[in-house]
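The structure appears right after this line, and notes come after that.
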Amino acid sequence: MVYNWLDYIRSRVLSPRCRLCLAPGEAGLELCRPCREELPRLLHSCQRCSLPLPDGARTVLCAACLHNPPALDGCFALFGYQPPIDQWIHSLKFGRDLATARLLGELLLAELVAGGLPMAGAPALLPVPLHTRRLRRRGYNQSLEIARPLIRNGLDLSGCRCQRSRHTSAQSSLPARHRHRNIRGAFSVRGRLEDPHILLIDDVMTTGATLNELARTLKAAGAARVDACVIARTFKQGQEAPGASTTP
Ligand SMILES: [Zn+2]
Ligand SMILES: [Zn+2]
């Protein structure tokens, strides 16, 4: 009986199962390799806003970023906001599903390491802050939870005292044209900013209004460069096809 329990614990805890097909997970993750390779990876997208670029485009920037550069210097989105990533993020934000934060953070870390992110001299991480009212209601900041595997593997959290000082309506509840106005002036930085290069971490990028407002605030406080890594990028209608792919 004891051995059965040990086997059970070993199989359930030490070797997690794939959350999509229940096969043994890969490298300690709740995901097997075939299912990981089916996730809606975002390929060939604009380096500043992560929107898909047309097939065959030689540029690394979209026309909008070329003509009107955003405050963010660079943005990397791991996935398109498509199944199953959209459901996972929903349960992370609204269902206290912190196991999903760990899985998504591990996938982001693996991608950054594979892409040659040098740990020495790497930018300081800043998970996008929540207003204290929302943080109290939710109990955790999902962006910090996503960042934890990166922190455990040697990246530093920024020491800057950046806050969401103004409570705003949830961006997801507003039409795109109102999001910039809603978020304007929502962040503040207290004291001196010590990190010249900051990497923002967030779960989803929709219009980019939140990330760009935060980048603008950090630059006004002295940051020389602000990039962002997000788990998923939403698209305008008709933009899914060119850059998003279900193959790695
Ligand atoms: Zn699987
Ligand atoms: Zn762009």
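Quick note: the coordinates plus some simple rules give every number you see, no bench work behind them. In this text, all values refer to a predicted model and were calculated from it rather than measured experimentally. Cβ: placed from backbone, ideal geometry, glycine included. Neighbour counts: every protein chain shown.
Per residue, the average separation of C-alpha pairs within less than 8 Å and at least 6 apart gives the chain a relative contact order of 25 percent.
If you take the square roots of the eigenvalues of the alpha-carbon gyration tensor of the stretch 8-116 and sort them as a ≥ b ≥ c, do you get rounded (a/c under 1.5), prolate (a/b over b/c) or oblate? Write down the numbers at each step before the final one.
Values: a/c = 2.64, a/b = 2.21, b/c = 1.19.
It comes out prolate by the Cα gyration axes.
Considering only beta bridges that DSSP places wholly inside the chain, some 30 percent are antiparallel. Secondary-structure-derived ellipticity at 222 nm for the chain, considering helices only, amounts to -10000 deg cm²/dmol, per-run term -39500 (n - 2.57) for DSSP H runs with n ≥ 4. Screening the chain for whole DSSP H helices of 18 Å or more along their axis (Cα) with average Kyte-Doolittle hydropathy at least -1.0 returns 98-114. Per residue, the convex hull spanned by the Cα atoms of the stretch 41-243 measures out at 124 cubic angstrom.
Listing Phe187, Phe235 from the residue with the fewest other Cβ atoms within 10 Å to the one with the most, what is the order?
Details: Phe187 23, Phe235 20.
Final ranking by Cβ density, sparse to dense: Phe235, Phe187.
Measuring how big the stretch 34-89 is from its alpha-carbon positions, Rg and Dmax come out at 12.9, 40 Å.
Taking the fewest neighbouring Cβ atoms within 10 Å as the starting point, the ordered list for Ser143, Ser91 is Ser91, Ser143. Working note: Karplus 6.51/-1.76/1.60 with θ = phi - 60° gives the stretch 44-50 the couplings 6, 10, 4, 6, 10, 10, 6 Hz, where Gly and Pro are set to x. Looking at the chain as a GNM with Cα springs under 10 Å, which of Arg133, Arg148, Arg184 has the largest mean-square fluctuation? Fluctuation is largest for Arg133.
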